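Shown next, in structure tokens, is the structure this report addresses.
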Amino acid sequence: MDLGTRYAPEAIERKWYEFWVNKGYFTPSGVGETFVIVIPPPNITGRIHMGHALNITLQDILVRYKRMKGYDTLWVPGEDHAGIATQNAVEKYLASQGKTREQLGRQEFLEVVWEWARKYRKEIRQQIETLGASVDWTRERFTLDEGLSRAVRKVFVELYKKGLIYKGKYMVNWCPRCKTVLADDEVEHDEVQGKLYYVKYPLLDSQDEYVVVATTRPETMLGDTAVAVNPKDERYTHLIGKKVVLPLMNRALEIVADEYVDPEFGTGIVKITPAHDPNDFEVAKRHNLPLIDIFDDDAVVNDNGGKYKGLNRYRAREAVVADLESGGYLLKIESISHSIGHCYRCETVVEPRLMDQWFVRMKPLAEKAIEAVETGQIKFVPERWKKVYLHWMYNVRDWCISRQLWWGHRIPVWYCENCGQIIVEEEEPKICSKCGSNLLHQDEDVLDTWFSSALWPFSTLGWPEETDDLKRYYPTTVLVTGFDIIFFWVARMIMMGYEFMHEKPFSYVYIHQLIRDKFGRKMSKSLGNGIDPIDMSEKYGTDPVRFTLAILAAQGVDIKLDEKYFDTYRKFANKIWNATRFVLMNLEGFEPYALEDLDVADKWILSRLQKTVQTVTNALENFEFNIAARALYDFFWDEFCDWYIECAKPRLSSNDRKTVQNVLVNVLNISFRLLHPFMPFLSEELWQKLPIAKESIVIASWPDVERQFINEEAERSFVKIQQIVKGIRNIKAELNIPIKRTVELFTVGKELSSEEELYVKHLAFVDKIVHSNAKPSRCATAYVSNELHVYVNVEGLNVEEEIKRLQKNISKLEQDKEWLQRKLSDENFLTRAPEDAVNETKEKLVQIEERLAILRQILGDLS
């Protein structure tokens with residue numbers, strides 16, 4: 001069959017994707033054991049990035065593999081409304097047009113966001129299609145569609161009725177930029193350089209006595225309601241119960257004793273600001289202290305801040321410090337390194353605030369979720385993430401679920417304006433259940449994005465309805481995700497799965513790596529080091545992009561991604577294309593029949609093929625994507641293309657033609673099926689050209705290991721052929737003998753078989769092989785084993801000149817080796833140089849040592 005002269009991905013990718021979708025191959029068959037994945041829904045905030053591409057590629061490899069294994073596979077696609085992230089993105093878009101959401105009002109703003117959602121959901125779908133993902137588009141979901149919204153309301157109401165959702169005034173993380181509360185795990189803590197201010201608090205009714213308080217946030221002293229010491233700190237026990245005067249505010253504060261105070265920090269005396277520090281809030285509860293909130297929603301000082309009202313928190317700090325200094329209260333300022341919390345979406349420094357919010361009680365929900373992982377009902381891969389998960393779960397805190405946003409699931413709570421009754425219902429009530437009034441208003445807040453995505457494994461299958469999908473496909477099989485959302489998402493899905501489905505949501509959690517740039521840095525817009533997967537697909541082809549990500553996906557190791565890798569595996573795709581083209585050009589007269597009358601090369605390649613089937617299958621069962629991809633690469637490029645096809649060329653013009661044709665077709669058929677999960681487009685295009693192809697490789701069976709073709713004796717024999725050929729090629733290269741110039745061989749010991757002689761002659765350009773009883777003179781060693789020595793006749797060479805040249809080359813290599821060894825013994829280099837540079841140096845040293853061994857052997861022979 002005809003095949004174009006070059007691999008052109010743009011000509012095959014859209015064609016085959018549309019063919020697969022139209023044929024309905026991605027819709028589950030309903031037959032056999034189920035294999036189910038729900039996609040981690042991308043946020044509708046913009047384009048898919050390389051982390052998404054890795055995530056989608058690994059899922060698709062599993063799904064296509066299991067589909068070919070005969071499983072009833074379902075891969076559910078969908079998108080996340082991503083409350084805070086999407087609202088931020090839309091507000092930035094509006095700002096570029098000189099508008100704000102407040103100007104638009106809630107209803108009009110939501111219309112703009114829905115338009116945004118429709119646009120980006122469509123774009124995300126196109127990008128997922130570009131990556132070749134075999135998701136079932138007939139089951140696409142969105143976290144704000146009607147079915148999922150019903151599920152969210154039902155969960156909220158049921159948890160509320162069980163006492164697992166409550167509203168209360170507690171310390172929360174407030175983002176002044178996003179104007180919303182954040183959960184504890186949405187705050188990213190960074191170590192920063194700051195200052196520690198030492199401030200005098202005079203004792204009440206004393207002219208000279210004072211205590212010294214150390215603080216990193218002097219502006220919050222405007223809200224101080226006490227100072228505290230450790231009850232065991234003997235320096236200050238005499239002060240407990242006395243009062244100090246708050247500088248600048250002239251307010252009397254009691255000195256309380258509390259074990260929370262660290263005697264080693266600062267002076268051992270701390271200010272207590274209950275409305276702006278979570279630890280101080282707990283102290284205030286224990287000592288019944290007043291709570292004074294000094295900031296508004298913009299982190300600007302409010303009426304409680306006296307003359308500092310109207311200043312933002314940073315300007316307030318400057319003013320407070322200046323006044324403390326001029327009033328003689330500021331003793332000194334020290335530099336300090338401390339941890340500061342930032343909003344995970346906009347990176348604004350969060351402000352701890354005391355606010356009325358909705359919370360979920362997590363401890364009761366965590367019990368079964370802990371047990372499931374401890375007992376192995378749910379397994380983490382790699383297993384080390386199990387400890388991370390359990391540590392968080394054992395220390396879980398109540399989850400603040402209300403957000404002061406407009407975009408999201410509105411909290412299903414209504415308040416009666418007449419009697420104050422709180423009504424929690426799935427559907428909007430018409431009248432108050434207590435007093436009958438129809439003056440009701442809904443809670444203004446929306447739910448945290450993760451609340452709806454916590455229900456994803458069962459809400460996407462139709463819950464709360466008892467759908468056929470829910471009965472057949474829940475629980476799902478495996479979740480593929482990044483480590484950064486183990487707490488945000490994975491843990492909450494497990495908790496909600498047990499609470500509402502009374503069963504685990506999935507059996508395996510595969511945690512994939514973070515993608516970094518080639519220097520090991522996190523990809524980011526600010527560094528300008530991001531690589532767009534769709535751009536790479538357009539430039540190199542989707543299959544090379546997918547294969548690159550798979551072969552780099554070693555468990556537990558972050559991926560250092562360099563664009564050159566995509567080019568490397570595009571060359572691999574070209575190699576596959578050209579090898580297939582060669583085979584197809586030599587199939588005239590092909591007749592399929594049983595693989596019999598095989599010679600050593602046939603037996604060897606079929607044995608290696610079966611071991612590759614074994615390796616790839618085992619690797620995929622164990623989520624070892626890189627091992628599977630590497631096995632395919634090594635088999636196809638090295639063993640099949642570089643060795644077997646070279647062996648096959650002369651035989652295609654001999655009586656062995658039909659046997660060789662059948663071996664070639666068999667190897668391609670099985671290789672394409674193994675390659676399909678990794679390179680779906682290329683494998684389909686080429687498989688369809690084979691004379692034994694059927695409807696589609698998507699639904700072809702996964703190859704079983706055919707043990708009758710595993711032949712250790714043939715493998716040993718062919719390895720001997722390879723080593724002899726490589727030895728001859730090395731000698732030719734080092735002695736400047738043209739590779740195609742024929743040479744004479746001598747063998748000492750056990751003779752080569754006729755088949756072995758045939759392949760050595762063909763592959764190494766040998767015209768004569770002479771068996772000898774002893775090593776002849778004027779020869780170089782090509783191969784040595786206990787049974788056989790092989791030598792190349794170098795008669796006719798200017799031996800003296802060759803010896804001089806070899807000695808010169810050896811001397812140069814020894815200098816290079818010594819320099820590399822010095823480099824690798826330098827601690828500065830080993831600890832400060834990039835890991836890739838160290839590994840590259842080690843590889844160079846190994847290569848030099850291998851070449852030195854060859855040159856010394858040849859020199860010894862010639863001398």
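The values are calculated or read from the model by the stated rules, or taken from the named source; none is laboratory data. Source: prediction; values computed, not measured. Here Cβ is always computed from backbone atoms with ideal geometry, including for glycine, and neighbour counts include all displayed protein chains. Surface areas here come from the heavy atoms of the whole protein model, side chains and all, with no ligands, DNA or RNA. Shrake-Rupley method; radii C 1.70, N 1.55, O 1.52, S 1.80 Å.
Looking at the range 1-87, the GluC sites (Glu not before Pro) that sit in a DSSP loop and have at most 12 other Cβ atoms within 10 Å of their own Cβ are 33. Roll a 1.4 angstrom probe over the protein heavy atoms and tell me the percent of accessible area of the range 647-714 that is carbon or sulfur. It is 42 percent, rounded to a whole number. With the whole protein complex present, residue 26 retains an accessible surface near 10 Å², based on a 1.4 Å probe. Peptides 39-52, 489-502, 430-443 ranked from most to least packed, by the mean per-residue count of other Cβ atoms within 10 Å: 489-502, 39-52, 430-443. The apolar share of the surface of the range 389-432, taken as the fraction of accessible area on carbon and sulfur atoms (1.4 Å probe, ligands and nucleic acids excluded), comes to 45 percent. Here the sum of -39500 (n - 2.57) over DSSP H runs of 4 or more residues, divided by the residues of the chain, equals -13500 deg cm²/dmol at 222 nm, to the nearest 500. Taking amide H atoms as placed 1.01 Å from N in the peptide plane, the amide H of residue 342 lies under 5 Å from those of 188, 189, 190, 350, each 5 or more residues away in sequence or on another chain. Proximity of backbone amide H atoms, modeled 1.01 Å from N, is registered between residue 210 and 203 at under 5 Å, excluding neighbours fewer than 5 places apart on the same chain. Taking 28 Å as the limit for the C-alpha separation, the pairs 119/386; 379/471; 761/804; 99/169; 689/740 exceed it in the case of 119/386; 761/804; 99/169; 689/740. If you take the Cα centroid of the range 743-811 and the Cα centroid of the range 372-443, the two points sit 79 Å apart. Here the peptides 143-156, 96-109, 402-415, 228-241 are ranked by packing, the mean other Cβ count within 10 Å, and the order with the highest first is 402-415, 143-156, 228-241, 96-109. Summing Lys and Arg as +1 and Asp and Glu as -1 over all other residues whose Cβ lies under 10 Å from the Cβ of residue 137 gives a net charge of -1. Our summary gives the range 366-440 a relative contact order of 18 percent, counting only alpha carbon pairs under 8 angstrom and 6 or more residues apart. For a straight C-alpha distance cut-off of 24 angstrom, the lysines reachable from residue 200 (same-chain residues fewer than eight places away being disregarded) are 232, 242, 243, 271, 307, 309, 332.
Placing R0 at 22 angstrom, the Cβ-Cβ distance between residue 326 and residue 207 gives a FRET efficiency of 0.65 after rounding to 0.05. Backbone geometry of the range 406-417 corresponds, through the Karplus equation with coefficients 6.51, -1.76 and 1.60 at θ = phi - 60°, to 3J(HN,Hα) couplings of 9, 9, x, 7, 5, 4, x, 10, 10, 10, 7, 6 Hz, x marking Gly and Pro. Within the shell of other residues whose beta carbon sits under 12 angstrom from the beta carbon of residue 340, the net charge comes to -4, with Lys and Arg scored +1 and Asp and Glu -1. Annotation note: GluC sites (Glu not before Pro) in the range 590-665 located in DSSP loop regions with a Cβ neighbour count of at most 12 within 10 Å are 596.
Exceedance of the 29 Å cut-off in Cα-Cα distance is limited, within the set 603/694; 167/430; 575/812; 649/812, to 575/812; 649/812. Solvent exposure of the chain amounts to 45 Å² per residue of accessible area, where only protein heavy atoms count and the probe is 1.4 Å. With every protein chain in place and a 1.4 angstrom probe, the accessible-area ranking of 17, 170, largest first, reads 170, 17. Working from Cα pairs under 8 Å separated by at least six residues, relative contact order for the chain is 12 percent. For the range 740-812, the spread of Cα positions along the three principal axes, ordered from largest to smallest, is 40, 28, 21 Å. Within the range 86-116, which residues have the backbone N less than 18 Å from the label spot 7 Å out from residue 145 along Cα→beta-carbon, could you tell me? Counting only backbone N, you get 114-116.
Calculate the FRET efficiency for residue 713 and residue 137 from the Cβ-Cβ distance with a Förster distance of 56 Å, rounded to the nearest 0.05. Each step should come with its number before you reach the end.
Values: r = 51 Å, r/R0 = 0.91.
The computed FRET efficiency comes out at 0.65.
Net charge in the neighbourhood of residue 820 (other residues with Cβ under 15 Å of its Cβ; Lys, Arg +1, Asp, Glu -1) is -1.
Grouping the Cα pair distances of the range 288-444 into 10 Å bins from zero gives a pair-distance distribution of 8, 19, 25, 24, 17, 8, 1 percent in increasing distance order. For the range 265-275, 3J(HN,Hα) computed residue by residue from phi via the Karplus equation (6.51, -1.76, 1.60; θ = phi - 60°) reads 8, x, 9, x, 10, 10, 7, 10, 10, x, 8 Hz, glycine and proline entered as x.
When you work out D = kT/(6 pi eta Rh) for the range 1-106 at 4 °C and 1.567 mPa s, using the Kirkwood radius from C-alpha pairs as Rh and the Stokes-Einstein form, the result is 74 µm²/s. A straight chain from residue 5 to residue 740 at 0.36 nm per residue would run longer than the Cα-Cα distance by 261.9 nm. Couplings 3J(HN,Hα) of the range 105-113, computed from phi: x, 4, 5, 5, 4, 5, 5, 5, 5 Hz, in residue order, whole Hz [Karplus 6.51 cos²θ - 1.76 cosθ + 1.60, θ = phi - 60°; x for Gly and Pro]. Roughly how many whole Å is it from the C-alpha centroid of the range 452-467 to that of the range 629-681? Between the Cα centre of the range 452-467 and that of the range 629-681, the gap is 46 Å. Amide H contacts for residue 380 (H built 1.01 Å from N in the peptide plane; partners 5 or more residues away or on another chain; cut-off under 5 Å): 509. Remark: spin-label model distance residue 655-residue 304 equals 10.0 nm, labels positioned 7 Å along the Cα→Cβ axis.
The relative contact order of the range 307-391 comes to 10 percent, based on Cα pairs under 8 Å that sit 6 or more residues apart.
I'd like the distance separating the alpha-carbon centroids of the range 259-281 and the range 689-718, in whole Å. Cα centres, the range 259-281 to the range 689-718: 70 Å.
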